[in-house]
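Undergrad: If you scroll down you'll find the structure; I have some questions about it.
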2 protein chains.
Amino acid sequence: MTNTKMRGVLSPVLTPFNPDYSVSKPRFVKHCRSLIEQDVGLAVFGTNSEANSLSINEKRQLLDLLVDEGLPTQKMMPGTGHCAITDSIELTRHAVELGCGGVLMLPPFYYKGVSDEGLYRNYATIIDTIADARLKIYLYHIPPVAQVGISLDLIERLLKSYPENIAGIKDSSGNWDNTLAMLTQFQPAGFDVFAGSESFLLQTLRHGGAGCITATGNVNPAAIAHLGATWQDDDADAQQARLNEVRGVFQKLPMIPAMKSAIAAQAQDPSWSVVRPPLVELTQEQAAQLKSGLAAIDFQIDNANALAHLDA
Amino acid sequence: MTNTKMRGVLSPVLTPFNPDYSVSKPRFVKHCRSLIEQDVGLAVFGTNSEANSLSINEKRQLLDLLVDEGLPTQKMMPGTGHCAITDSIELTRHAVELGCGGVLMLPPFYYKGVSDEGLYRNYATIIDTIADARLKIYLYHIPPVAQVGISLDLIERLLKSYPENIAGIKDSSGNWDNTLAMLTQFQPAGFDVFAGSESFLLQTLRHGGAGCITATGNVNPAAIAHLGATWQDDDADAQQARLNEVRGVFQKLPMIPAMKSAIAAQAQDPSWSVVRPPLVELTQEQAAQLKSGLAAIDFQIDNANALAHLDA
C-alpha cells in the first residue's frame, strides 16, 4: 500500500448474476474494467453490489479474480464488514494481503440498539487481530439499511486509538448535516469523508471532502467522475444539476434492479437484469417507466457498449 | 429423519466464548448436554446464540461437534437462515445431511422493505436446490431484530408450494394476535406454531400450538419443559406465572449478557460472561441488579452444577 489515499469517485459495483443466481464472472470483470477506464474506483461488495447476498467464499473468489485480471488494487475498496467478526477479519485480511487501497466496513448489523462500546470493540478487535499498517478502514454509515450506525463519538474514539488504520467514512445517511459535521470535525485531521451518493458530491468537495461512493456510478460513471475532477470549474453547478436529473430517474424505482435493468436494456443482454433473492427484478411496468424516464432526459448509459453482447 | 415432529420446548442455545472471543467448545457441548437431559431441544444458532456473530464455518464445526459427541440430532433445530442464499443453502444442506429434526430459518435481513415475492423466492430456491424430503423448515419471524418479517400471505404461499418442507414457525413478534392468527389459519393443517418465548407457552399450547423456543430455556430449562409437558394439569396457570416471574428479571436487562452473567455467577466460571462484539457484557451495576433480582424471587439456575468448574 502506498501513501496515495483514495479520493474521487468510486462505485459499489453491481454484481451480475446468471439466471441460476450464480455470479457471472465475465460480466463482473468487464464491468469493473469499464469503470476503471472511466476513472471510477471499485467499491466492490457494497450495498448496491448485493454484497450481503454473497457468501464470504464468493467474495474472496471475485476479489482474487479482479487481481488475476490485472485490475489495479489501489483502486479497490471492497466491503468487508459482516455480522460475524470472524468473517470481517477473514475478508479484510485477504483484502489487505492483496494490496487493496482500502476496505469499506459496515458495522455488524443483525443486533439492533447496540452500544458504541460494542461497535468500538468490533472495529478494534478487527484492527488488533490483523495488525497491519497497510489496513485502511473506511467506516460505512448507512442507517436506513443497516439500522446500526456510526456516531460521531465512535469515530472520534476510533481515530484516537487507531489513527493509522481509520482512514475515512462513507456517509450514506442521506443527511447533509451529518456529513457536514464529519467534514468539520474529522476531515481536517485527514479522515476522508465520502458522500454516499453523487447528490452531495459538489457540496462535499467544496467542504474539503474526498469524493463520493455512489450506486449510480455504475450507470453514469464518466459524468460523475468528471464532476469529481472538475468541481472547481465554472460549470460545476450545471454538472451537478445534470447528475441529479439522472439519479432522479433511477431513484424513483428500486435502485439495484433499476440499474441492472437499464444496463440489460442498453447492452441488449437480458441476464444483466437478474438479482438474487430477496430482491426482485423490475416489473414490466417499472422497466417501461425507467425507459421512458431516461429517454425523457436524453440519457444513455456510458458504458453500455463496453458491456454489450457478452456471453456468460 | 423420522415422522416424529419436533414439539415441546427448545432453546436457542447460548454460545460460550473464551476471553479471546473464540468459541469454547467444551462449554458448548456441556451446556447442550445439560439442556437435552432436561428435555429441552437444541435450537442452536438462534438470535440468543449470537448466531449471526458466528461464521458459517464456525457453525458447521459446532454442529459436527454435537453430532460427534452423540447428542440426538432429532432434537436439533439449528438456525440456518443467512443474508446470502448461498450461505443458507450450505448450512441447511449440512443440517439435513446430519439428520437434524428441523432448521429454523431467518429471512435474509440486510435489505429492508423487501417484497413477499423476494422472500418467497429465497425460501423456494433453498428448498428446490436442496431437494430433500427430509428438509423441515421452521420459519423464523422476529421483526424486532431482523426487521424483515414473515407475513401470513407468505406462509400460505409457501405451504401451498412446499407442504412437505414447510414445517412450522417460531413467532418472536411478541404479538399474541399474530401468533393466534397463525394458530388458527395454519396449525390445523399441521404447520407447527412455536411461541417465541415461554411467556406465551400456555396460551400457545391451549390453542393447539407445538410449544415454544425460548431464550430463557438456557437458564430455566426444567421448569419451562415441565409446563410444556404438564400444561393440562391444574397448576398450569401457577406454573406459567412463575415462569413469567423469572423471565421478568432477565428481561429488564440485555437478555444475552444477562443469561451469560447468571450462568457465570452460579457456575463460578467467569468465562461464561463473554459475549462477542457488538454485544457487551453486563456492567457491574447490571450484574448486581440481576443477582438481587434473582435472589428476590428465590431463583437458582437449574443446570448451574452441570456447567460448573469447566476448564476450557
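Here, each number is a calculation from the coordinates, and none is a lab measurement. None of the values given here were measured: they were computed from a predicted structure. Note that each Cβ is placed from the backbone with ideal geometry, even for glycine, and that neighbours are counted across all protein chains shown.
Undergrad: Based on C-alpha coordinates, I'd like the Rg and Dmax of the stretch B:21-91, in Å.
TA: 11.9, 35
Undergrad: Report for the protein assembly as shown the percent antiparallel among DSSP-assigned beta bridges with both residues inside it, nearest 5.
TA: In the protein assembly as shown, DSSP labels about 5 percent of beta bridges as antiparallel.
Undergrad: As I understand it, the value is the acute angle between the Cα axis of helix B:116-130 and the longest principal axis of the Cα atoms of chain B; what does it come to in degrees, rounded to 10?
TA: The helix B:116-130 is inclined about 90 degrees to chain B.
Undergrad: Using DSSP to define loop residues, name the trypsin sites (Lys or Arg not before Pro) in the stretch A:53-142 whose beta-carbon has at most 14 other beta-carbon atoms within 10 Å.
TA: Passing both the DSSP loop test and the Cβ count: A:Lys112.
Undergrad: Further, regarding this structure: If you project the alpha carbons of chain B onto their three principal axes, what span does each projection cover, largest first, in Å?
TA: In descending order, the Cα extents are 50, 46, 38 Å.
Undergrad: Hey, for B:Asp177 with labels 7 Å out along Cα-Cβ, what do the inter-copy distances come to in nm, ordered shortest first?
TA: The answer, with the shortest distance listed first, is 3.4 nm.
Undergrad: Along Cα-to-Cβ, 7 Å out, sits the label point; list in nm, shortest first, how far the one on A:Pro144 is from those in the other copies.
TA: 2.7
Undergrad: For the stretch A:181-291, how big is Rg over Rh, using alpha carbon atoms and the Kirkwood form of Rh? Mind showing how you got there, number by number?
TA: Details: Rg = 16.2 Å, Rh = 15.3 Å.
Here Rg/Rh amounts to 1.06.
Undergrad: Considering only DSSP beta bridges whose two residues both sit in the stretch A:88-172, what percent are antiparallel, to the nearest 5?
TA: 0 percent
Undergrad: Would you kindly compute the Cα radius of gyration of the stretch A:69-212 and its largest Cα-Cα separation (Dmax), both in Å?
TA: Both quantities, over Cα of the stretch A:69-212: 14.3, 42 Å.
Undergrad: A follow-up question, please. List, in the order given, every pair from A:Lys59/B:Lys136; B:Lys30/B:Lys252; A:Lys75/A:Lys136; A:Lys30/A:Lys252; A:Lys112/B:Lys260; B:Lys75/B:Lys252 whose Cα-Cα distance in the structure shown is over 21 Å.
TA: Beyond 21 Å between Cα atoms: A:Lys59/B:Lys136; B:Lys30/B:Lys252; A:Lys30/A:Lys252; B:Lys75/B:Lys252.
Undergrad: Moving to a separate point now. Mind giving me the nanometre distance, one decimal, between the label points for B:Glu285 and A:Ala236, set 7 Å out from Cα along Cα→Cβ?
TA: 4.8 nm
Undergrad: Continuing with the same structure: Return one number: the angle in degrees, 0 to 90 and rounded to the nearest 10, between the long axis of the Cα atoms of helix B:221-230 and the longest principal axis of the Cα atoms of chain B.
TA: Helix B:221-230 sits at roughly 50 degrees to that axis.
Undergrad: While we're on this one: Can you list, largest first and rounded to whole Å, the semi-axes you get for the protein assembly as shown by taking the square root of 5 times each eigenvalue of its Cα gyration tensor?
TA: Semi-axes (√(5λ), whole Å): 45, 28, 21.
Undergrad: I would also like to ask the following. Between the stretch A:119-177 and the stretch B:10-56, what is the C-alpha centre distance in whole Å?
TA: For the stretch A:119-177 versus the stretch B:10-56, the Cα centre distance is 30 Å.
Undergrad: Provide a whole-number value for the mean count of partner chain Cβ atoms within 10 Å of the Cβ atoms in peptide B:289-302.
TA: That works out to 0 on average.
Undergrad: Once the label point is set 7 Å along the Cα-to-beta-carbon vector, what list of distances in nm do you get between A:Gly208 and its counterparts in the other copies?
TA: 6.8
Undergrad: Taking DSSP loops as anything outside H, G, I, E and B, show the longest stretch in chain A free of GluC sites (Glu not before Pro) there with at most 14 other beta carbons within 10 Å.
TA: Longest site-free region, per DSSP loop and neighbour criteria: A:165-312.
Undergrad: Given springs between every Cα pair under 10 Å in a Gaussian network model of chain A, which of A:Ile213, A:Ile127, A:Ile169 has the largest fluctuation?
TA: Result: A:Ile127 has the largest fluctuation of those listed.
Undergrad: Springs between alpha-carbon pairs under 10 angstrom, Gaussian network model over chain B: which of B:Ser292, B:Ser197, B:Ser88 fluctuates most?
TA: B:Ser292
Undergrad: Using alpha carbon centroids, what distance separates the stretch A:254-286 and the stretch B:205-228, in Å?
TA: 46 Å
Undergrad: Report, for chain A, the % of DSSP beta bridges that are antiparallel, rounded to 5.
TA: The antiparallel proportion sits near 5 percent.
Undergrad: Pairing the Cα long axis of helix A:25-37 with the longest principal axis of chain A, what angle in degrees results, from 0 to 90 and rounded to the nearest 10?
TA: 80 degrees
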